[in-house]
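Trainee: Structure below; questions to follow.
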Amino acid sequence: MQYIRDLKKYYWPKAPQDAVRMLMQEPYAEVIAGGTELLVSGLKGREVNNLVDITRAGLSYVKKDKKFIKIGATTTISEIQNAPLFKDFANGVLSTAAQRFVSVQIRNVATIGGNLGAAMPSSDLAPVLMALDAKIHVCGKEIKEFAINGFYLSKRKTVMAPYEIITEIEIPVPADMDRTGCAFQKIGRTETDIAIVNGAAAITIDDAGEVKSARLALGSVAQNTIRCLEIENGLLGKKLTKKAIEAACENIAKAIDPKTDVRASAKYRGTVAKVLAARLIEEAYVKAGGKI
Ligand SMILES: Cc1cc2nc3c(=O)[nH]c(=O)nc-3n(C[C@H](O)[C@H](O)[C@H](O)COP(=O)(O)OP(=O)(O)OC[C@H]3O[C@@H](n4cnc5c(N)ncnc54)[C@H](O)[C@@H]3O)c2cc1C
């Protein structure tokens, strides 16, 4: 825990562009949303004298049209958990991940933008958003859009410049929704702890039950949440069986680089990752209508 000892200014911008202007003007300024990461472990030796609080910048919303679901960056984890839209969409996978997100006290203030901006490998939302192929909208000197797969550079580091902020997360509605299955799973020391390993999968099948597309993302097994592309490719065009899933996950060690920390050893994480990947694929395949 590191405190801000010399806070000089606290801003409440009314729009994202105002927040960017304040971040560019003020030295040692930082964006704050729920503050559950920044004020607990997010400072990491950085000097911060000015905070730009974006929770009144008009970025708390969930919208849906025919093609996309759009989530404003300051939407809280509780709002995502309880939004009727997310109870149904993609087998309720976002709602499930939000529900497994620590305690109600944290969920009520922590935001989706803060979760992605913190760039921690244990993020519970990042694997789901990777499985759903989400895009991240960013406001800075100009408006930018990034695929979430490629948004992270390393632990605590994203492709964003220091004065840029996430404004919106955009999730495409799959064209063949009724043949797409999604799953989220998390293994922690307790029900409310940060993940030892977490992950999400989205699988689309054709009429014959063969896999048309597969996305599998795992968290807490590398510097950032990762897509397991080799495993995904190993599923394509196949009718899945337990054996086929096991075979696809056999070489998972090549995709991950787990670390030892207070929650688990690297070895345990590696073992759990293989089991979790297989469970996620099976769950998503069955939810897509596949038979195992
Ligand atoms: C006890 C505890 C338990 C936790 N358990 C979990 C858990 O189970 N699962 C999980 O995923 N996380 C967990 N976390 C981590 C944290 O709560 C989440 O990452 C949370 O979503 C962060 O959101 P926030 O709004 O509080 O971010 P903040 O703390 O306000 O910000 C986090 C970082 O992101 C930056 N930031 C904030 N908003 C934006 C934006 N819109 N654009 C760009 N950068 C931005 C900030 O500058 C800061 O660097 C836990 C934290 C604590 C303290």
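The values are calculated or read from the model by the stated rules, or taken from the named source; none is laboratory data. A quick note: this is a predicted structure, and the numbers were derived from the prediction, not measured. Cβ coordinates were reconstructed from backbone atoms using ideal geometry, including for glycine residues, and neighbour counts include every protein chain displayed. Surface areas here come from the heavy atoms of the whole protein model, side chains and all, with no ligands, DNA or RNA. Shrake-Rupley method; radii C 1.70, N 1.55, O 1.52, S 1.80 Å.
Trainee: Among what's in region 164-210 and is within 28 Å of Thr260 (Cα to Cα) and among the basic types (Lys, Arg), pick the residue that is nearest to the ligand (Cβ to nearest atom).
Mentor: Per the stated criteria, the residue is Lys186.
Conditions tested, residue by residue: (1) surrounded by fewer than 18 Cβ atoms within 10 Å (Cβ to Cβ); (2) touching a Pro at 6+ places or on another chain (Cβ under 8 Å); (3) in a helix (DSSP H, G or I).
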{"residue": "Ala19", "(1), (2), (3)": "no, yes, yes"}
{"residue": "Val31", "(1), (2), (3)": "no, no, no"}
{"residue": "Val40", "(1), (2), (3)": "yes, no, yes"}
{"residue": "Lys44", "(1), (2), (3)": "yes, no, no"}
{"residue": "Val52", "(1), (2), (3)": "no, yes, no"}
{"residue": "Ser78", "(1), (2), (3)": "no, no, yes"}
{"residue": "Lys87", "(1), (2), (3)": "yes, no, yes"}
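Trainee: The conditions are (1) surrounded by fewer than 18 Cβ atoms within 10 Å (Cβ to Cβ); (2) touching a Lys or Arg at 6+ places or on another chain (Cβ under 6 Å), and Thr204 fails exactly one of them. Which is it?
Mentor: (1)
Trainee: Which one of these does Ala161 not meet: (1) within 12 Å of the ligand (Cβ to nearest atom); (2) more than 30 Å from Ala29 (Cβ to Cβ); (3) among the small types (Gly, Ala, Ser)?
Mentor: (2)
Trainee: Within 10 Å of the ligand (Cβ to nearest atom) and either basic (Lys, Arg) or surrounded by 13 or more Cβ atoms within 10 Å (Cβ to Cβ) (or both): is that true of Gly58 in this structure?
Mentor: no
Trainee: Working carefully through the options Val109, Val102, Val159, find the one that is open to solvent by 10 Å² or more (accessible area, probe 1.4 Å), more than 14 Å from the chain's Cα centre (by Cα) and closer than 20 Å to Val197 by Cα.
Mentor: Val102
Trainee: Something else now. Please work out which one of (1) at pLDDT 95 or above; (2) away from the ligand (no atom under 13 Å from the Cβ); (3) open to solvent by less than 60 Å² (accessible area, probe 1.4 Å) is the condition Tyr152 fails and give its number.
Mentor: (2)
Trainee: Picking from Asp124, Asp133, which residue would you name as being out of contact with any His (no Cβ under 9 Å at 6 or more places or on another chain) and surrounded by fewer than 24 Cβ atoms within 10 Å (Cβ to Cβ)?
Mentor: Result of the check over Asp124, Asp133: Asp133.
Trainee: Return the pair list, or none, for Cβ contacts closer than 7 Å from residues in region 25-36 that are under 17 Å from Lys14 (Cβ atoms) and of a type in the set (D, E, K, R) to residues that are more than 10 Å from the ligand (Cβ to nearest atom) and open to solvent by less than 40 Å² (accessible area, probe 1.4 Å), at least 6 apart or on different chains.
Mentor: Glu26/Asn50
Trainee: Among the residues of region 247-289, count how many are assigned to a loop (DSSP other than H, G, I, E, B) and surrounded by fewer than 21 Cβ atoms within 10 Å (Cβ to Cβ).
Mentor: So the count comes out to 12.
Trainee: Glu145 passes all but one of (1) of a type in the set (Asp, Glu); (2) away from the ligand (no atom under 11 Å from the Cβ); (3) surrounded by 24 or more Cβ atoms within 10 Å (Cβ to Cβ); which number fails?
Mentor: (3)
Trainee: Give the residue, chosen from Phe101, Phe68, that is touching a residue at least 24 places away in the same chain (Cβ under 8 Å) and away from the ligand (no atom under 16 Å from the Cβ).
Mentor: Values: Phe101 fails: away from the ligand (no atom under 16 Å from the Cβ).
When all the criteria are applied, what remains is Phe68.
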